[in-house]
Every structure is written in C-alpha cells, then in structure tokens.
Amino acid sequence: MVLKNLKMTLKRSLSGVEVTRLYPEKIMDLPDAERGVHVLDIRKCIGCGACARICPNDCIKLVPYARGNPLKNKKQQYPQIDYGRCMFCGLCVDECPTSCLTMSKVFEIAGWNREDIVYGPEDIAVGFYSDQELNELAEEARKAEEEKKRKAAEAAKAKKEKAAKAKAAEEGEKGSGEKAAKKSEGETG
Amino acid sequence: MTTANDVLSALQSAFPGAVEEAKVSPERQLWATIKPDKIVDVCKYLRDDHNFDHYSGAAGVDRIKEGLFEVTELLASHGAHQVVALLKMKTPRDNPSVKSLTGLYWNANWYEREIWEMLGINFEGHPELYPLLLSDELVGAWPWRKDYKGYPDYNTADRAIEIVNPEGYADYSFAPTKAEIEAGTVPFERPKYPTFREREEMEIKGESEMILHMGPQHAVVPGPFLLDILVDGERVKKAFLDVGYIHKGIEKIMENRTYMQGIPITDRLCYMAALTNNEAYCGAVERLLRIEAPERAQYIRMILQELSRIQSHLLGTGEFLTLIASAVFSPFLYMIIDREDVLSCIESVTGARINHSFVRFGGVRNDLPDGFKDMTLDTLKMIRKKTEEYKELLLSDSIYRKRMEGVGVLSPSEARRLGVSGPPLRASDTPYDMRREDPYLLYKDMDFDVITRKEGDSKARVEVRLDEIFESCYIIEQCLDQIPSGPIMAEGVPKKIKPEPGEAYYRVEDHRGEMGFFVVSDGSEKPVKVKARGPVYAYFQALPPLLEGVYIADVVAIAGSMDACTSEVDR
Amino acid sequence: MVLSAITEFAAQEPKIYGLVLGLVAAAILASVINVVAMLLVWLERKVMGDFQARYGPNRVGGRWGVLQLGADAVKLFTKEDIIPRGADKPVYVWAPIVAVATTMLVAGALPFGAVIIDGKEIPLVVANMDISAFYIEAALSIMAISAFMAGWSSNNKYSMLGAFRGIARMIAYEVPMGVCVISVAIMAHSLNVVEIVQAQSIWFAIAQPIGFVIFAIALITDLGRMPFDQTEAEEEIIAGYNTEYSGIRFGLLYFQEYIVMLLGSILLVHLYLGGWNGPVIPVISFISPMIWFFMKLVIVLVGLIWVRVSLPRFRIDQVTDLGWKILLPLSMVNLAWAVAVGLYFA
C-alpha cells in the first residue's frame, strides 16, 4: 500500500547520484542565448539612444566616454546601465540598430553599495581604444588635417597662380610691350 | 453550430433598440454596445436561450476625452457553441452607475467589486460592494481614473499617530497634511462600509468558535492571501478570503508604457506561466495591428508554451504534495529535479529561466538553436517515464488516497456556476479547453485529447494535471516533426507600434485555465487600457464555498489542489 | 592512591557513596545523551539528503559537515529570549525543562548495551529496575504533558490546536503500546529489560510479528514522526506547540524530540530485535555486544528516517481511527497469541 513510496526513495538513494551542484566551485553551462550582463562594442556604437528610449525601467543613461571613437564626433555619448534596476529583458539588445549591444553569460554582479553596480561604458565596453591607438588615431587625424590644409593651401595657390596667369595673359595682349618694357627695365635696372 | 451573426440577429430581433452598435470580428467574437438599462434583460436572454452560461469577466475603460466610462462584459459558453459576446455599456463620467449582473451569474461578484474600487463605477444591486485589492486608505481615490493625481506621500514617520485598539495591539494612522488636502490628492469623502474584520466577527456565533488565520504570513501558502477560517474544534464553519497583498498595479503601469515595453511586464503577471501571458498580450495587439506571425514562429511559440506547461504542472503538483506531506517529501524533490531539464530546454532558446519576454508582435525573438530537437526529445522521453512513475505512486499510496478522495468535491454544475476553468473544471467532467474552444496558433492542426475526469475531487484535479503532461509531450513531438524553415518575424511590422483605434480580446489556455487579454487602443503609442483576465481569480472566488464543513487539514489539501498563483490574482 | 581512598570511603559510608555515584553517572549520562542526540540530528540530515539525491550538510567541519550541529547550537544560544505577551509565564518556562527531564527519567533505566568482562556479560545501565520495561513505556508518555504545557501556555491558536492533537494522539496509542510490552514480558517471564534481552533466544520480532508491527507503528506515532506528525504540521498549524518558542528553549524542545527518538529506538531494539545478542566476535570480545547493538540501532534509525522521507501525512481523525479501531484489537489478538505461545513453551 505504501510500499511504492518506500521503494522509490530506496532506489534513488542506492543509485548514489547527487544532483546538487557545489556552486562556487562549479558553475553551470549556460546556453549561448543567455541574457546576462551587457557587452558593448564601442567601435560600432553610434550613440543614437534607442536602447535608453526602449528600456521599460529607465536603466540606461547616455554618458560621455573618452575612449570611444574620437574621430567621429567629440560629443558622442555611450550607454551606462544601472544594474540595480535592470531586469535583463533584452529589449535594448533588440532595438540597437548597429547590433553593438549584446548580452553575455556573466551573472555575478554583486557590489557593496548602489553606486558600485552602475556599470558605465568603461565596465561593459569591449573594443575600446587603448592609449597607443588613441595616440595613433590622434596622430593620423593631425596628419590628415595637415594634409588637408596643405592641399587646400596648394589648391588656393594654384588657383591664384592660374588667375594671375590668366590676368597676365590678358594684359599681355593689351600692353605686353609695356609690361615687357617694364620687365626689361626692371631686369636691367 | 451557432455563429456570432446568428446570435446578433436573434438579439436584435428580441430587443429592438437596445443594441446601439454591433460588429463581428474576428469570426467568433460579437462586439455590441447595449443600452445600460437593458443589460440585465439582454444577458438573461442570452443565458437562457443561447447557452451563454460562462461569465468570463468585466473590464472598465476610462474615456476621459469623451467624458464616459465604458464597462465591457465578457460572456461565453461552456461548450454549447464557440461565440464570445463582448457587451459594452457607456455611462457618464460624473455619476457612473450600471446594473450589476450578480443576480444572473454568481461569479460576477469580484469583477464588479474591482471595477468599483478602481474606477468608482457604482453597480446597482451588488450584494457586497467592498474593496478587494486596495487597502482602506485608498478607497475613494479611484486609482485607475486617468486624472488620478497619485498616492499621497505617507513616508514621514513622525506624522504617525499611534492608536491602541481594544485587544492591546498598536495601530498607526497617518493624518494628511494641509498641502496634500489642498492639492487634492487625498480623498476626504470615503464611502462607508464595514471592514473585513468586522464582517468576519459578525459571523461568530458560539463560544467555542474561533477564527484561525492561514493568513498572508504563513509557512507554506503559495503567495500572500488572507484566508481566515472560522473553526469549531477541528471543523471549518466558514471561510473568508481577501486578496490584494501583492497588488503591483500592472494594468496601470502598462497604460504608461509603450506596447513594446509592456511585454516584459506581462511576464510578471504569473511568473510560472510567462510564455502564455506574453502570447495572450501579443496576440491581442497583433489583432489590433492586423498582422499574423509566420508559420515557423507559430510552431516555436507552441513548442515553448507546451514545454512551459510541463514544468508548471510538475511544480504545481510537487508544491501541492508538500502541503499534504511535509517539505521533505521526496517525490516533490524528484519532480523539481526533472523540471530542471525542461527548464534547460526552454533556456537554450529564450535565454532566461522564468521571465522570458520572448514573444514579439508578429513573431518571436530568437530562433531555435542547433541540437534543440535532440535535446528536447531526450528530455521528453525522460519526462514520460518519470510522470508514469509519479502517477502510479499517487494511485497506489493509500495514505494519499485517504487524504484526497472525496475531499473538496466540485460537481459539474457547481463548477460551472462558480466560474472556475482549467484543470479543476476539466476534473468535473466538462471538456472546456481554449485550445479547442477558441483555437489560436496552429492548435487546430494538432492531434491531442482534452483530459477530463468524472469525480471532481482533489485527487481528480491532480490526475488531470499529470495526464496533461503526456498530452503536452505528444503535441511537442508533433510540432518538432512538422516545423518548417522560414522567417521568425513577420514582414511589415512597423518600427513604432501605433495600432489603429479599436479593441481586441484574445484568449489562451494558460497552465491554470482560461486567460484573456483585453487591449484598447486609441491610435497613440501607449494603450488606453489593458485588462488581464486571469484564471486564478476565479479559483479564489470559488474557494470559500468549497471550504465549508471540512477539516482544517483538508483546507490545505483543497487549496493546494487548485494550484493557485497569487501574483496573477492581484496583478 | 585515589582508588584506595574511594574504596575506603565506599566501605565507610555506603549510602552517601551510592548517592554520589548515582549523581555522577546521571551527569555523565545527561551530557552523553545530548551529544549523541546532536549526532543523531546530523545523521538524519545526511541520510535524508541521500534519499533526496542531494548532499546534507557539507561545508561546516570538513566535507562531512559534522560540526553543523555545533554551529546550530551556538546560533540557538545567541538568539533573543522572547516570551509572548499574555503567555502563562511559569508554565511556558517550565515546559522545555519538563520535556528534557522526562528523557533523563527514561534514560536512567534503559540499558545502553553490554560489555563482556571475564566471560560475563555486564549490561550498561544506571538503574537496573525490576519493572523497567513498563516504567520506560510509561515515562515516555509523560512527553505528552510537556507538549501540552508548551502548547497551552503560548497564548496562540496554533499551539493550542497542536497541543490538543498531541493529547488525542497520545491517548489513542498508549494502550496498544502497553499491551504489546506486556505480551513481550509474558513471553520473557519478566518485566526487566535486561532479562528480556537475555531471554531472546529467537528474536521476539519473529515470535510475535503482529506485536512487532504494532509496536513499531505506535512508536512512530509517539515520537511524532512522519507520517504521524500532526502536532507540528507545518502547513496547517505553522509549528504546532513549538510556534512561540525561540532560542535555546526551542533548542531544548527540538533536541528532546531527537533524544526520545533515540531512546524509543533503543527500546524497540531491546524488546523485539534481541538487544545486544549476537555471536561473540573473537578478537574484540570486550565490546562485541556493543557492536551488535549499534548495528541494530543504526538500522532502526535509518528505517525511521526512511519512513519520514517517503510517506505523506495522515489527518488527525484518521490517526485516532487507526489507533482505536485497528491497532487496539490487533494488540489484543497479539496478547492472546503471546499467552498461548508462552503457555505452550512453558
């Protein structure tokens, strides 16, 4: 009458399998689709703010970040996520137009006070620019700027020369003798 | 089979002039605006002559721009036909009052109480118009009106006045400040009614009777609700039930969020059944947008919802077993271990274990990963074997049968009158399943049985749930065979969701019964009203009559066999 | 030197010597019993975990978690001492003390095994009484009084319900248990537990099978273990008579349950399973009876835990039905059987 009950527990005990996972030592295998802490690819972010607009809990704020892409827009801002409010729903990931915001498998985000678990772009960014790269980029930018200036100066000079030549050719027809005389005068004199 | 058009024409001929506007869309739903003074006669006619014997719910909408309140009554039938009648009544905003349907349908009681306390619409003829979800300080403030100015700030502790009530316990009251009264955030005209405690104590008749709280803070009730039982020795004389301890205001929150932002919030209605909640909401909005999800997305939705049903039934049965045994009862733990495999299958698709936010308007969020079919088929094989073992166990255990047979019997007519749905209704010999009554997704192409039992006692309810696990396994296997490849998101879904003005109602078979979402839109990007009609609301309403005359130990057996989820009641 | 002084003192003043010896033995017994009860709780948690496919305590005190109970005891000692307003103070304070004192009463008369010195078996018992079987069984039923004191004085509806259920259960199950003890005594021709053990050439579990089953069921009920733990059913009446107790008072009531479980199992082993009888193991013949005794005891304890983990709970009216309508008539049948067999072999 109650023997099935007793048999079931005895069978489970004799099989010896314990299903407890000893947690800090062993962490479980999470699937690829797992929604954990965000990862921001800073080279693709365009600072549009779609993630901040769609978040149901207003967790995302846009803040400036020095190691973003300095060439594009000096005033560009990047998302900062408050994990005290985030419910890991994934709407921000779906809305991002450049697919730069994704979610990783990290889920351990405890902190000692509320400010600790506000993760700015420095905490969630991958692909940020290192110092060397920043210097190189600045160098390139400067060179490009100089190049542009030089080209502009050359173009302006070329234009001026051309205008001067055209004018000289014009006047040369009219009083080329005068000019030539002046010139020769200038030369000899 | 009666169709909606037949009902409409019969109604128009029987009550000329009572029907102001009418529409049939989609094919089984009849939308009609009825004159408020004729509503009781219309409903009586529908109930007696056209078998509309299931009162599904009522929703109140605040149309502040037009100065009206609308109350929509939802009527359906327990199997005679598949038509759903949604009857709307308009009443002016200054003095709103409609007739109550409690004379015709017993379970209209709580739905009308909720509309009264939230919107201030008076229901004439209602026997007990007392607050249900709100605490006593808020009654009279009518929170769901569009011009509600907010909850007054009761945070200041030094404003608290201590009152010692006659039994010696201290109570605190907060007097409103002058600034609050001038700002108009404090209702200083409150309706008068006896409090819950007074209503209980009116029922004590003898010296040896006492009120025992299986109240909000109890060791093992599933979610906080107040259940007071009036006992005489070990027998229960009467039971009182009050809900509203975790009222989060989800419906009002969803009015202040866009349609897309509302999807994660519907997850949290009943966290065990997140996928069917998502489905109900997205289905209603899809009807408003007039788009349909592609086939692959529909198959994915079906697979995941049936997987979710398996894990919810395992947990529900396991939790119920801890109520009649202790928490160390081993089969409960074995069911939890099996459930982990099912959750891993769901997690590999959606990325989360309970709050999925997976269904989107016109499709789903992710596609099935590689290897999903093999993993799921292995899991289903294991679940079938284990569930067979659990069924045998519960059939052969004589202590369990002594506790459960003949306890909490719901006869079929009683179950229909009380308005329950889902496994308790099916355990009382009524094959009422939304997947057959109102086929959504692709259930009309699937081959499965609707499980019923004849006895209607607690043991039958648990057996129905365990048998439904087998049916769900069969449905998933069919879906995995038939699933086509293709897109998972419909084309032409707009980036900014702004449906045309209108209303939509969508029903699904939730794990606990019939769940419906009623969405009203007015062309802007936020809905005017979202009403979630949950199945457990009806269970709780039906519980006090069931508990009269049983032993104290049976109270938990009956309440547990209903498999309640309080979060859905309180929203 | 010390030994000769003690023997001299014993010869001179025998009465005071006997008194002091008794007190010392009682003190040792009390402490040993409490420590063994802690080990029993640890054993239960580990074995329950094994039945439920999980580990039991496995962090405190190494991989086996042996110090877990020590940590729990420290926690209970350091909690705030709360006495509810409106509680009956003297009764409330004395209930746990009465509970544990009862167990000491029982433990005084129960033999805890035997040792073989010079070929003679010496039972380890503090007070070797002639009517010890009956005395132990009666003293075990005083537990109900302490449960009732705890439940009544707490000024709490749940505790009161638990206390009522405890009394009803005790009344229903004392009679079959007493009749079984008498049936055993008839077959053994004595009420002294030591002599009952020595008279078991075949185990009484085989000679009186019905009696064994009835005594086992009645024992589980008296101990308040599953499937008969209605007095502390968590789902309906929170914690029964334990509800308002916290801190070390709760610790005393909690350990009392386990001490009584230990003593009841020892009684079952002595009465029906042959106590410490068994073939003498050659090399360690000094403690060979103790080894047999421990093996049988551990099997009985694991059996109790096994039953707890596997079975759901009865309702209180079904428990009293079982006691009055099934166990009592069967115990009468068992008594008749014992008389017949006893007469046949006499």
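All of the numbers you see were taken from the coordinates with simple rules; none came from a lab. It should be emphasised that the depicted structure is a prediction, and the values quoted were computed from it without experimental measurement. We place every Cβ from the backbone using ideal geometry, glycine too, and count neighbours over all the protein chains shown.
Classify chain B: rounded, prolate or oblate, from the alpha-carbon gyration tensor (a ≥ b ≥ c, eigenvalue square roots; a/c under 1.5 rounded; otherwise prolate if a/b is larger than b/c)?
Verdict is rounded for chain B.
222 nm [θ] for the protein assembly as shown, helices only, -39500 (n - 2.57) per DSSP H run of 4+, per residue, to 500?
After summing the helix terms and dividing by residue count, I get -16000 deg cm²/dmol.
First measure r as the distance between the Cβ atoms of residue B:137 and residue B:204, then evaluate 1/(1 + (r/R0)^6) with R0 = 30 Å and state the FRET efficiency to the nearest 0.05.
That pair, residue B:137 with residue B:204, gives E of 0.65.
Assuming R0 = 56 Å, what is the FRET efficiency of residue C:26 and residue A:44, from their Cβ-Cβ distance, to the nearest 0.05?
About 0.10, to the nearest 0.05.
With just the Cα atoms defining each centre, how far is the stretch B:225-251 from the stretch B:42-94? Give it in Å.
When both Cα centres are located, 29 Å separates them.
Give me A:8, B:382 sorted ascending by neighbouring Cβ count inside 10 Å, so fewest comes first.
By the 10 Å Cβ count, ascending, the order reads B:382, A:8.
Any idea what the dipole of the protein assembly as shown comes to, in debye rounded to 20, about its Cα centre with Lys/Arg Cβ at +1 and Asp/Glu Cβ at -1?
Roughly 2320 debye, rounded to the nearest 20.
Which distance in nm do the two modelled labels at residue A:148 and residue C:175 give, with both placed 7 Å along the Cα-to-Cβ direction?
Here the answer is 10.6 nm between the modelled labels.
Under 19 Å Cα-Cα from residue A:105, which lysines qualify once same-chain neighbours fewer than 8 residues away are excluded?
Those lysines meeting the cut-off are A:26.
Which GluC sites (Glu not before Pro) in the stretch B:1-45 pass both tests, a DSSP loop state and at most 14 other beta-carbon atoms within 10 Å?
Answer in residue order: B:27.
Determine, for C:294, C:286, B:69, the number of other Cβ atoms within 10 Å of each Cβ, and report the residues in order from fewest to most.
C:286, C:294, B:69
Which order do C:308, A:43 fall in if you start with the one that has the fewest other Cβ atoms within 10 Å?
A:43, C:308
Residue by residue through B:390-401, how many Cβ atoms from other chains fall within 10 Å of the Cβ on average?
The mean count of partner-chain Cβ atoms within 10 Å per residue comes to 4.
When a/c reaches 1.5 or more, the comparison of a/b and b/c decides; with that in mind, is the stretch B:433-571 rounded, prolate or oblate per its Cα gyration tensor?
Oblate shape, in that a/c is at least 1.5 and b/c is the bigger or equal ratio.
If you take the charge dipole of the stretch B:254-543 about its Cα centre, with +1 on Lys and Arg Cβ and -1 on Asp and Glu Cβ, which of B:316, B:361, B:520 is farthest toward its positive end?
In the stretch B:254-543, that residue is B:520.
Just tell me, in residue order, which DSSP H segments of chain B are both 24 angstrom or longer along the helix axis (alpha-carbon based) and at least 0.0 in mean Kyte-Doolittle hydropathy.
Qualifying helices, which must be both long enough and hydrophobic enough, are B:295-324, B:330-350.
Can you give the net charge of the other residues whose Cβ lies under 13 Å from the Cβ of residue A:19, counting K and R as +1 and D and E as -1?
0
Can you list the lysines whose alpha carbon sits under 17 Å from that of residue A:61, skipping same-chain ones fewer than 8 residues off?
Counting by Cα, and skipping residues close in sequence, residue A:61 has these lysines nearby: A:75.
Across the residues of C:158-165, average count of Cβ atoms on other protein chains within 10 Å?
Per residue, the average neighbour count from other chains is 2.
Which lysines have a Cα less than 30 Å from the Cα of residue B:205, not counting those fewer than 8 places away in the same chain?
B:192, B:237, B:238, C:157
Looking only at chymotrypsin sites (Phe, Trp or Tyr not before Pro) in DSSP loops with at most 16 other Cβ atoms within 10 Å, what is the longest site-free stretch of chain A?
Between exposed loop sites, the widest span is A:1-106.
How many nm separate the modelled label positions at residue C:79 and residue C:155, each set 7 Å beyond the Cα in the direction of the Cβ?
2.0 nm
In whole angstrom, note down how far apart the Cα centers of the stretch B:336-367 and the stretch B:462-489 are.
14 Å
Taking a threshold of 22 Å on the Cα-Cα distance, which of the pairs A:4/B:459; A:7/C:46; A:7/B:373; A:44/A:149 fall above it?
Table pairs above 22 Å Cα-Cα are A:7/B:373; A:44/A:149.
Using only alpha carbon pairs under 8 Å that are at least six residues apart, calculate the relative contact order of chain C and give it in whole percent.
22 percent
Grab the beta carbon distance between residue B:25 and residue A:28, set R0 = 56 Å, and tell me the FRET efficiency rounded to 0.05.
The value I calculate is 0.70.
Loop only per DSSP, at most 15 neighbouring Cβ atoms within 10 Å: give me the trypsin sites (Lys or Arg not before Pro) in the stretch B:208-271, ordered by residue number.
Hits after loop and neighbour filter: B:248.
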